[in-house]
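Worksheet: one structure, shown below.
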Amino acid sequence: MFSKSCEYGLRAVIFIAQQTTQNNKVSLSTISEEINSPQAFTAKILQQLTRNDIVKSIKGPYGGFIIEEEKMNTRLSEVVSVLDGDSIYTGCGLGLKQCDASSPCPLHFKFVEIRNNLKDMLENTSLKSIADDMNVDLTTLRR
C-alpha cells in the first residue's frame with residue numbers, strides 16, 4: 001500500500017520518536033541500521049522529513065535527529081502525506097488509472113472500506129502514542 005520510501009519514512013520517524021522520548025539523538029547510520037534501510041535512501045527520506053518540519057536535524061559531532069516536543073503529536077497521516085501524497089486514499093486497489101464508483105474495478109467497493117479504515121488509523125495515531133507503546137514493549141520495529 002505504501003511506497004518503499006513511505007515505509008522507511010514511517011519506520012524512521014517512529015524510531016526517532018521513541019529515541020526522543022528517552023532523550024537520545026540518533027545518527028543517520030543508527031537509524032538506517034535499526035530500520036533496515038539503505039543509508040543513502042534513508043538520508044533522502046530524512047531530508048524530506050526535515051524540510052517539512054517533522055524531524056529536526058542537529059548538526060555537529062553531538063548532533064543527530066530528534067523530534068521536537070511539539071511535533072510528537074504529529075499524526076502518521078502527516079508523514080504519509082509528505083512522503084506519498086494522498087494517492088493512498090484515492091488510488092485504485094488494483095492500480096488502474098480509471099476506477100471510481102461509476103466505473104469500478106472488481107475490488108473497488110471493498111477497497112474503499114479498507115482505505116477509509118487506513119485513513120482513520122493514520123489520522124488518529126500520533127508519533128507519541130506509538131513511541132509510548134514501544135517504551136513499554138508493546139510493539140517493535142525489528143523482527
- Item | Estimated distance in nm for a label pair at Gln47 and Lys110, the labels positioned 7 Å out from Cα along Cα-to-Cβ | 4.1 nm
- Got a sec? Charge dipole of segment 1-124, +1 on Cβ for Lys and Arg, -1 for Asp and Glu; which of Asn52, Leu10, Thr42 is way out at the positive end? Thr42
- Query: Heavy-atom accessible area of Glu68 with all protein chains present, probe 1.4 Å, nearest 10 Å²?
  - Reply: 60 Å²
- Item | Virtual spin-label span in nm between Ser129 and Ser103, 7 Å along Cα→Cβ | 3.8 nm
- Give the Rg (one decimal place) followed by the Dmax (whole number) of segment 1-141, computed from C-alpha coordinates and expressed in Å. 16.6, 58
- Message: Using a Gaussian network model on the chain with a 10 Å cutoff between Cα atoms, which of Lys97, Lys25, Lys59 fluctuates the most?
- Response: Lys97
- Query: Counting only the backbone N, which residues of segment 9-30 are under 20 Å from the spot 7 Å out from the Cα of Tyr62 toward its beta-carbon?
  - Reply: 19-30
- Message: For segment 46-143, what does the relative contact order come out to in percent, with C-alpha contacts under 8 Å and a separation of six or more?
- Response: 26 percent
- Query: When the dipole is taken about the Cα centre of the chain, and only Lys, Arg (+1) and Asp, Glu (-1) are charged at their Cβ, what size is it in debye, to the nearest 20?
  - Reply: 420 debye
- With each label point set 7 Å from Cα along the Cα-Cβ vector, what nm distance links Ser3 and Thr90? 1.5 nm
- Item | Amide H partners (placed H, <5 Å) of Thr74, local residues excluded | Leu127, Lys128
- 1.4 Å probe accessible area per residue over the chain, in Å²: 60 Å²
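In the chain, carbon and sulfur make up what percent of the accessible area (probe 1.4 Å)? Kindly include the intermediate steps, with their values, before the conclusion.
On the way: 4130 of 8540 Å².
Carbon with sulfur: 48 percent of the solvent-accessible area.
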- Item | Residues with amide H under 5 Å from that of Leu107, placed H, sequence gap 5 or more | none
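The values are calculated or read from the model by the stated rules, or taken from the named source; none is laboratory data. In this text the structure is predicted, and so the values were computed from the model without any measurement. Every residue, glycine among them, receives a Cβ derived from its backbone with ideal geometry; neighbour counts consider all protein chains shown. For accessibility, only protein heavy atoms count, side chains too; no ligands or nucleic acids. Shrake-Rupley method; radii C 1.70, N 1.55, O 1.52, S 1.80 Å.
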